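See structure below.
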Amino acid sequence: MNEPAIALSGIAKSFGPVQAIRNASLTIANSEIHALMGENGAGKSTLMRVLAGMFTPDGGSAHVEGRDVTGWDTKAAIAAGVGMVHQHFMLVPTLTVAENVMLGREMTKGVSLDRAGAEDAVRALCERTGLAVDPARRVADLSVGEAQRVEILKVLFRGARILILDEPTAVLSPPEVQELWRVLRTLRANGGTVVLITHKLDEVIDISDTITVMRAGETVGRMATAGTTPSDIARAMVGREVSLAKRVASGVVVPPQATPRFEVRDLSVRGPTRARAVDHVSFTVQAGEIFGIAGVEGNGQTELIEALAGLRSCESGSILLDGRAIQSCVVSERIDLGLAHIPEDRHLRGLVLDYSIADNLIMGRQHQYAGAWSLDGARVAANAGAQVAKFDIRPADATLPARALSGGNQQKIVIARELGGERWPSVILASQPTRGVDVGAIEFIHARLRAARDAGAAVVLVSADLGEVIALSTRVAVMYGGTFVTIVNGDDATPLALGPWMTGAIKSGDAKAGTATAGAA
Amino acid sequence: MSDRAVRWDEALLPPAMALAIALVVGDVLILAFGQSPGHVFGILLEGTWGNAYGFGQTLYKATTLVCTGLAVAIPLRAGLFNIGAESQLAAGGFAAGVAGIVLPAGMPWPLAALVCLVAAAIGGGLVGAVPGALKAKFGASEVIVTIMLNFVVLAFLNWIVAAKLHVPDSLHTAEIAAGGIPRFADFTLAFRGSAANLTLLVALTLAAACWWFLFRTKGGYELRAVGLQPEAAENGGIPLGRTWFRAMLIGGALAGVGGINYVLGYKHYYEEGFGSGTGYMGIAVALVGRNHPAGIVLSALLFATLSQGGLAVNAIVPKQMMEVLQAVVILAVAVSAPEVKRVLRASAKTNA
Amino acid sequence: MRKLLAVLGALLLVHVALLLVRPAGAAVAPTAKRVRIGIVFDLGGRGDKSFNDGAYLGGERARKELGANVTFIEPGDGSDREPGLRLLAAEGNDLVIGVGFIFTDDLNKLAAEYPNTKFGGVDYAVGSDKDGKVIPPPANLAALKFREEEGSFLVGAIAALSGGSKKLGFIGGMDSPLIRKFEAGYTAGVKHVCPDCEVIAQYAGVTPVAFRNPSRGKELALAQYQGGVKVIFHASGSTGLGVFEAARTMDALAIGVDADQFREAPGHVLTSMVKGIDASVFDAIKRVQSGSFQGGVIGFGLAEDGVGYVYDANNKALISDAVRARVEALKREIIAGTIKVPSTT
């Protein structure tokens, strides 16, 4: 058993003209949690997909537990106990948790599916691993965090001993992240090996035993976690010094103005299940202010932002932009009034994945490019060229479909479109702006949001990453159960102070709610 | 707009593959009927591309198919499945026929034909607009609504022709007074007897216009975005309902214009069931043409060839054989498109 | 890419190889100086167990008995009818037949374009000008028309004599002059043998859909049976299937049309008024072969065996010998011209 669990050496892989990995080597010992770090587009996911049998490498060799497995397929990988949990879930929403876990290896009783048996088996696995999900629930009704647990269950159910997780924490709240860490540690204790693809430095320090850093398709460093600092890792990742997301003095609460830039009064919104997802929420955001909304996902943030953006109708209440009521304006009118929206899911709402970068860069502003008979192709291309250069979108070919880009670069397209125009928007709704984005891009996106703020925009920031909310916000609201349970000044916002609010441990009605400067109606 | 250079191999190989498969299946079928494939395919080619009359007939059939193919493709680009080209075609033809009857006899033909064409577009467009509006307003499935409308509209047209407008002992209306579109045979004797007429130019113009609309205009940009990713389009301020409505309206109008091919260009009257099956065949044309106007023109020619060729070889092999062959082409394209893509991508991965 | 091209090449190679296969008995260019006939069916025609199949039988009979070279074409859609006729005419067939009145316009046109080819139109609709004067078909076009009223007259007589009720029913498909002929003959037949009998005549509708609406047929028939009618004669295409169903459930009688419809409701089909499409087609072919072909309206009535009624082992029990003798006598009178059967109501 001295063999390393995984030994990849000199792996190369290209897609058409794009060389995704040129020379990647990776050694992972048995029963360790190994972090694979790097900016988006560095080749982490591709390398892991080679390991999981989804891609055949062009060169190099792969060994799992001493066996040469170069070029195997997913079936063989699963049989050998290598399982991968992807960043984007591959679940059937209409089936239950148990059914999804069983998919492909259904338990049967005679000719019919053994539902009860399946649920029991899944429940047992949940207990063993500490992954808490009700096997009888439909996947469509689960939160993102729960859906991810199902993905992990699915892989474990197939007997994976080597678990590869692609950006697992991108969709989790801090308590959920701790929960996941607990699960991973349990797995390690039971002899499992975990490869964690991530770009979040604090997490890596928190959980991993060893770190491998990739940059531009190559593995550039391997270090033991003990004895490394976040800035060492960051430097290895981007190849230069970076300023990490630390709270920058920005606690200047702008004094209330007669007409605030953005005001929400008594807003109620129904969610997809017709239940009230946003319950009488009121807040104002002044020009030059970032208003952060923290909270565990699924507490109404999505519905709130969609209602503000015009994608979901309001049940009651009003939305005022520079004093003008916009709650009955359609999306395009809101865009024209200077409302920018960075949607939480760039694959669903942010981008038309099959459209080129250039076409995506004009989405929502297409009428500005329309001539009498056609869109002005030259201007569309010029705009694309300028934005690609300004926002360093890679590859720098605006005719590529957005689908072909890495997550970070896709997000840059959205940011460039929303924040890269000639005029700054009046109001920016930024929902999970750095989800699944690498360190370099996070820094960049944060800088853009701050610049917008300084230019006089009112920014509403929703993020599952509490650190991000705290780092950027002038004021922070915590959303729980469809209401703002507390709003605190940015300087007072710490994970410790906000955590109990986020989990509902204290509610605005409690005596401790004295910190709330404004609350739910 | 700036589309990544079209992947020609991905665009052309599936139909080529499908055609090759269909040819071999055709050979086997012909042999099963105890005939010689060489002989039958010889007649088929001779009867379609081999002489001016057959070629004219092929062009005539392709003309309607281009229209119904586009009528399916445009809504499909917006994510809607228009099964209603059948009744939209009939409604367009009917409207053109009625307009032609009403117009004064002395009217110069280009002007009269234009009026009839507009009438056809309105007739078909109305039939297409109903499912579009229901989809936009209530989210009603356009598939179900268009299928039901096919029954309703065709039954209504049959009734109105039979009860009010028909010439005794026939299923057609009176001849149009104005708006007849000249046939090619009027210019060159070679096409004598064939129904091919100037509507072909209308259809080709429409295909070009559809291409321009889809890939060059704001409307097309929005329509395709809605079809590819409605959520993202919505986020970009594109109203889904209005776009769906517009796509169905355009689709219906395109099918409707297809009706003038028969009514103005061929028989000069509306007849019950004149285009039976041509609307449904439009679905196949759009599918095989990959929803691209240029592809649709080519696949319309292919299906027109099979249809006209089927008539030519009907004396020795049953009509059903050609129908099987058309089905094989459709199936083969449906199957080979993703398969070809997979193989191409896989080989790109291993060869690069 | 290379792999796909290889597959493509292989498929084409197989195709080319198969092209060269010539099975024994494959069609070869016609050689002998046999009479050449082309027949175009209507849309979805073959297999209708009536009209188009009748024409097919006539053609097949001519092939066997006269050694004629017969080619059949089934159009794919409405715009295929004329090209079908044209194809056959251009191939140099001696006689080209269109099956169904819908071919009328196309036949007129082609008869003018191919004056040396002979044409036949089953149920050809003879037009009339503004003053109601009949426009005769072109000289090289034979309109194969049936005197349905004569056959209807006989089944009307059978119904009145064997039905056991003074109320007789008639159900037509689409209300049109063609179907009125059936009604007129039927009513005349009933009244001839039973002057105080009453005929209740109803139509399923005014559009062609009325020919394929069995539920409407059943509805009308049930109402008639409940009103005291014992026998219904239908001339309504597949709408009649509903009439037969009603006859079965009400334990009553119905009379079929065009072909022997005994099988639709055994025991409840009194008889059928049959139209000899096969005979008319065969007759036209025979005339072409013998050189006696003439254009114009060719009527097929009782005399020519173009129409008739069914009397065989299946329905013998329902028609007594006396009735049979009476009807045969009527038939002779009609052929002789002593009884004039009206063709309009």
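The values are calculated or read from the model by the stated rules, or taken from the named source; none is laboratory data. A quick note: this is a predicted structure, and the numbers were derived from the prediction, not measured. All Cβ positions, glycine included, derive from the backbone under ideal geometry; neighbour counts span all protein chains shown.
Of all residues in region B:20-63, those that are among the aromatic types (F, W, Y) and facing another protein chain (nearest Cβ under 8 Å) total 3. One residue is enough: does region B:201-213 have a residue meeting the conditions in a helix (DSSP H, G or I), of a type outside the set (A, V, I, L, M) and within 11 Å of chain A (Cβ to nearest Cβ)? Looking for residues that are in a helix (DSSP H, G or I), of a type outside the set (A, V, I, L, M) and within 11 Å of chain A (Cβ to nearest Cβ), one finds at least one in region B:201-213, hence yes. A:A136 fulfils the conditions (1) farther than 25 Å from A:L496 by Cα; (2) of a type outside the set (D, E); (3) surrounded by fewer than 17 Cβ atoms within 10 Å (Cβ to Cβ); (4) out of contact with any helix residue (DSSP H, G or I) (no Cβ under 9 Å at 6 or more places or on another chain) except for a single criterion, (4).
Screening C:V229 against (1) in contact with a Leu (Cβ under 7 Å, 6 or more places away or on another chain); (2) surrounded by fewer than 23 Cβ atoms within 10 Å (Cβ to Cβ) leaves a single unmet condition, (2).
Taken over region C:81-106, the criterion of being more than 7 Å from chain B (Cβ to nearest Cβ), over 22 Å from C:P208 (Cβ atoms) and part of a helix (DSSP H, G or I) is satisfied by C:L88, C:A89, C:A90. Do we find a residue being in contact (Cβ under 8 Å) with a residue 40 or more places away in the chain and outside any loop (DSSP other than H, G, I, E, B) anywhere in region A:359-379? Yes; the residues of region A:359-379 include at least one that is in contact (Cβ under 8 Å) with a residue 40 or more places away in the chain and outside any loop (DSSP other than H, G, I, E, B). Being within 11 Å of another protein chain (Cβ to nearest Cβ), at pLDDT 70 or above and crowded, with 16+ Cβ neighbours inside 10 Å is a property that holds for C:V40.
Taken over region C:138-184, the residue count meeting the criterion of being among the basic types (K, R) and under 23 Å from C:G267 (Cα atoms) is 2.
Among the residues of this structure, B:M17 does not count as one that is in contact with a strand residue (DSSP E or B) (Cβ under 9 Å, 6 or more places away or on another chain), buried (at least 20 other Cβ atoms within 10 Å of the Cβ), at pLDDT below 90 and facing another protein chain (nearest Cβ under 9 Å). Looking at region C:107-126 only, could you name the residues that are within 19 Å of B:K267 (Cβ to Cβ), within 22 Å of the chain's Cα centre (by Cα) and either modelled with pLDDT under 90 or facing chain B (nearest Cβ under 9 Å) (or both)? Of everything in region C:107-126, those that are within 19 Å of B:K267 (Cβ to Cβ), within 22 Å of the chain's Cα centre (by Cα) and either modelled with pLDDT under 90 or facing chain B (nearest Cβ under 9 Å) (or both) turn out to be C:Y124, C:A125.
Tallying residues that are within 24 Å of C:M250 (Cβ to Cβ) and in contact with a helix residue (DSSP H, G or I) (Cβ under 7 Å, 6 or more places away or on another chain) within region C:177-192 yields 5. For region B:227-247, the criterion of being touching a residue at least 60 places away in the same chain (Cβ under 8 Å), within 11 Å of chain A (Cβ to nearest Cβ) and buried (at least 21 other Cβ atoms within 10 Å of the Cβ) is met by at least one residue. Scan region B:255-295 residue by residue and report those that are within 12 Å of chain C (Cβ to nearest Cβ) and among the hydrophobic types (A, V, I, L, M, F, W, C). Result: B:V263, B:F274, B:M281. Here the condition is being buried (at least 24 other Cβ atoms within 10 Å of the Cβ) and either in contact with a Pro (Cβ under 8 Å, 6 or more places away or on another chain) or among the hydroxyl-bearing types (S, T, Y) (or both); of B:L298, B:L311, it holds for B:L311 alone. Selection of strands (runs of 3 or more DSSP E) fully inside region C:243-324 by the criterion of at least 3 residues being surrounded by fewer than 19 Cβ atoms within 10 Å (Cβ to Cβ) returns C:296-300.
I'd like the full set of residues that are at pLDDT 90 or above, of a type in the set (D, E, K, R) and over 21 Å from the mean Cα position of the chain (by Cα), limited to region C:61-101. Correct list: C:K64, C:E65, C:R86, C:D94. In the set B:I30, B:I74, only one residue is over 25 Å from B:G282 (Cβ atoms), crowded, with 19+ Cβ neighbours inside 10 Å and touching a residue at least 12 places away in the same chain (Cβ under 8 Å); that residue is B:I30.
Name the single residue that is surrounded by the most Cβ atoms within 10 Å (Cβ to Cβ) among those in region A:12-42 being more than 12 Å from chain B (Cβ to nearest Cβ) and over 25 Å from A:R188 (Cα atoms).
For region A:12-42, the residue satisfying everything is A:A42.
Considering region C:152-183, the residues that are among the charged types (D, E, K, R) and in a loop (DSSP other than H, G, I, E, B) include one that is nearest to B:V167 (Cα to Cα), namely C:D175.
Taking the residues in region A:261-282 that are part of a loop (DSSP other than H, G, I, E, B) and not charged (D, E, K, R) as candidates, determine which candidate is modelled with the lowest pLDDT.
A:T273
The one condition from (1) among the aliphatic types (A, V, I, L, M); (2) within 30 Å of B:I176 (Cβ to Cβ); (3) surrounded by fewer than 24 Cβ atoms within 10 Å (Cβ to Cβ) that B:V324 does not meet is (2).
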